[in-house]
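Quick note: the coordinates plus some simple rules give every number you see, no bench work behind them. These numbers were taken from a predicted model, which means no experiment stands behind them. In this analysis, Cβ positions are derived from the backbone assuming ideal geometry, glycine residues included, and neighbour counts consider all displayed protein chains.
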Amino acid sequence: MTDEISMYFRMKGGWRCALLIVGMLVFSPSAAFPETAKARDWAFVRQVLLSYDNKEGRGSVYRWSKSPKYFAFMESPSQQKAARQAVETVNQVLSGVGLQASFMTERRDEYDALIGVIAQSGMQRIWQAAGCGRFVGYLVDGAACVHVDANTDEIDTVFILVDEDQDDHGQASTLLEEVYQSFGVRNDHQIYRESLTYDGPDRTYRRTLAPIDKKVLIFLYQYLEPGDDELTVRRKFDAHWHEIVVY
C-alpha cells in the first residue's frame with residue numbers, strides 16, 4: 001500500500017508547502033481571550049486562516065479556486081465511507097458558493113487531493129515521496145500536506161495521511177478534520193471548544209462541524225480571495241462576518 005500511494009501521488013512544481021497536523025498541540029495563545037464576541041471571532045478567524053501549524057508562511061489566505069477532485073486510496077469500505085462523508089460534509093457547507101469537491105475511489109491520474117489511511121510506519125516514506133519534506137518525528141493521528149501555488153496562493157494539490165491504528169470513530173474524526181482543513185481553514189486553535197479543530201487540553205474527537213467551523217469556511221469561500229493579507233481579511237471580516245448565519 002505504501003509504494004502504491006507513493007506512485008499515485010501526482011506532483012507539481014512552483015508551490016510552497018503547508019503542513020497540517022492532527023493529534024498534536026502546536027498553538028499556545030495567552031490565557032486571556034478577547035472578551036467581546038466579535039473580538040473572539042476575529043481572533044479565531046485570524047488564527048485558522050492566517051497562521052500555519054508549523055509557524056511558517058506569509059500569513060496570507062490560501063484556498064481552492066476550483067472544484068477539487070479527492071481520491072481515496074484505501075481498501076476498507078468503512079474507511080471509504082468515512083472519507084466520502086468527510087468530503088460531503090464540506091460540500092454541504094459550500095453548497096451556496098459555487099464550489100463542490102468530487103470524491104473518487106477508482107485509480108485515476110487526474111485528481112487534486114489524495115487521502116490514504118495507512119500504518120504509522122509507512123507515513124514518512126510516503127510523505128517524502130509526495131514532496132512534503134521531513135515528516136514529524138512523533139505520533140500523530142493524521143497530517144495533510146497542502147501544496148500552494150507560490151504566485152497565486154491557490155491550492156494546487158493536497159496529500160492527506162491518516163493513522164490506520166485508530167478505531168473507526170477516531171479515523172472518521174481525523175478524516176473530517178484533515179479534509180476540512182485542506183480547504184484552507186488550516187490551523188488548530190484553543191478558542192472554541194465545540195470546534196472540530198479545537199486543540200486544547202480537553203480536546204475530544206468530533207465527527208461534525210460546529211457552527212463556527214461552517215461560518216469560517218463560508219467566509220473563506222464567499223468573501224475572501226487567495227492571497228488576501230491580514231488587513232484585507234480584517235476589512236472583509238468587519239463588513240461581512242455578521243451577514244453569515246449558520247446552524
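Annotations for the structure displayed:
- A simple count of charges around Arg234, restricted to other residues whose Cβ falls under 11 Å of its Cβ and scoring Lys, Arg +1 and Asp, Glu -1, yields -1.
- Rounded to whole Hz, the Karplus (6.51, -1.76, 1.60) HN-Hα couplings of the stretch 64-69, x for glycine and proline: 5, 10, 9, 7, x, 9
- Compared with the direct C-alpha span, the chain from Lys69 to Thr232 gains 55.8 nm at full extension, assuming 0.36 nm per residue.
- The stretch 126-134 - phi-based ³J(HN,Hα) in whole Hz, Karplus 6.51/-1.76/1.60, Gly and Pro as x: 5, 4, 5, 5, 8, x, 9, x, 7
- Alpha carbon centroid spacing (whole Å) that separates the stretch 78-136 from the stretch 202-247: 22
- Pairwise inverse Cα distances across the stretch 136-182, averaged and inverted, put the Kirkwood hydrodynamic radius at 11.7 Å.
- 18 Å Cα-Cα threshold exceeded, pairs from Lys215/Lys236; Lys38/Lys214; Lys69/Lys236; Lys38/Lys215: Lys69/Lys236
- Straight-distance candidates among the aspartates and glutamates for linking to Lys81, with alpha-carbon spacing under 13 Å and chain neighbours fewer than 8 residues away dropped: Asp168.
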